[in-house]
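What follows is calculated from the coordinates using simple rules that are stated; it is not laboratory data. Just so you know, these numbers come straight off a predicted model, no measurement behind them. Because the Cβ atoms are built from the backbone with ideal geometry, glycine has one as well, and the counts that use them run over all protein chains shown.
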Amino acid sequence: MGVVVVSGGTNGMGRAFALGRAERGDRVVVVGRDRGRGEAMAGGAITFLPADLSSVAENRRVVEEVLAAHPVVDALALFANAVSARREVTADGLERTFALYYVSRYLLSFGLRPALDRAEHPVIVNVAGVGVTKGAVQWADPQLSTGYSTVRAQLQAGRANDLLGAGFAQRSGSRARYVLYHPGFTRSGDRSGLPPVVRGLLAVASLAARPVAASVGPIHGFVDEPPADALTAVDRDRRLPPDFPTLDAAAAARLMELTERLLVGGEGQAA
């Protein structure tokens, strides 16, 4: 029995994974914004921690509360994401997709390191889109102040998560294994932020999508038996080589430095 923290654990794959870990005997901390769903899950092995993970302060609060309650964390699973049809800026001055889908995962990964490093076989599983080569970090304008689109924002944050995995492995000094996992198109996720036409197209496409259980299965495997390597990237059933283009070490170091500046207010007002 271990302690597993799940961000974005009230819906879709995150919820299925959290329930599955509880059934396996783990103590599960579910972090999410949907208070109704979270409170409905809570009880027994599951604790619900409500938070708006697009907020820097809320992520830091979550880290503090988890560390206070759980000196040892065996696994961190990162699912939180939401699509936005229009550009939104958080109170920290960050584009919301970038804040929720990437910055939150950065803060939780590095913030929970002390508890992870006390576990026997710690692992972080970042569920995003590794293996996709479209999209890039917009170094001159990571907040997408011009040229915003839902797809562009999602692709940028996805590529940022690839680099987060590489950056964590390079500079964290943690014992935790970092797994980047792309489950493929799954019958899951909140599409409420998309235009009706796009939601309709995705509903049709979902008929051929993977069921949630099939996508979540490998994540349980990563937690039960963490890989030996500091960084593992898996696109559906295919393990990617260390030199895969989106895992570039120099770009990862650049993004880690950019993120640190963002978080101290150097660029984008985050504090």
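Where in region 1-102 are there strands (runs of 3 or more DSSP E), lying wholly inside it, with at least 1 residues that are under 19 Å from the mean Cα position of the chain (by Cα) and surrounded by 24 or more Cβ atoms within 10 Å (Cβ to Cβ)?
Where strands (runs of 3 or more DSSP E) fall fully within region 1-102 and carry at least 1 residues being under 19 Å from the mean Cα position of the chain (by Cα) and surrounded by 24 or more Cβ atoms within 10 Å (Cβ to Cβ), they are 3-7, 27-32, 75-78.
Residues that are more than 23 Å from Ala91 (Cα to Cα) and not β-branched (Val, Ile, Thr): does region 49-62 have at least one?
No: region 49-62 contains no residue that is more than 23 Å from Ala91 (Cα to Cα) and not β-branched (Val, Ile, Thr).
Tell me whether region 38-47 contains one or more residues that are in contact with a Gly (Cβ under 7 Å, 6 or more places away or on another chain) and at positive phi.
The answer is no; no qualifying residue exists.
Pairs under 6 Å by beta carbon, first residue over 25 Å from Pro241 (Cα atoms) and in contact (Cβ under 8 Å) with a residue 12 or more places away in the chain in region 130-158, partner of a type outside the set (A, V, I, L, M, F, W, C) and in a helix (DSSP H, G or I), six or more apart or different chains?
Short answer, once both residue conditions are applied: Ala153/Thr97.
Report, ordered by the first and then the second residue, all pairs with beta carbons closer than 9 Å, sequence separation of six or more or different chains, a first member in region 227-248 that is under 25 Å from Asp74 (Cα atoms) and free of Cβ contacts under 8 Å to residues at least 12 places away in the same chain, and a second member that is buried (at least 19 other Cβ atoms within 10 Å of the Cβ) and of a type in the set (D, E, K, R).
none
Here are some conditions: (1) farther than 21 Å from Gly135 by Cα; (2) surrounded by 17 or more Cβ atoms within 10 Å (Cβ to Cβ). Glu225 meets all but one. Which one does it not meet?
(2)
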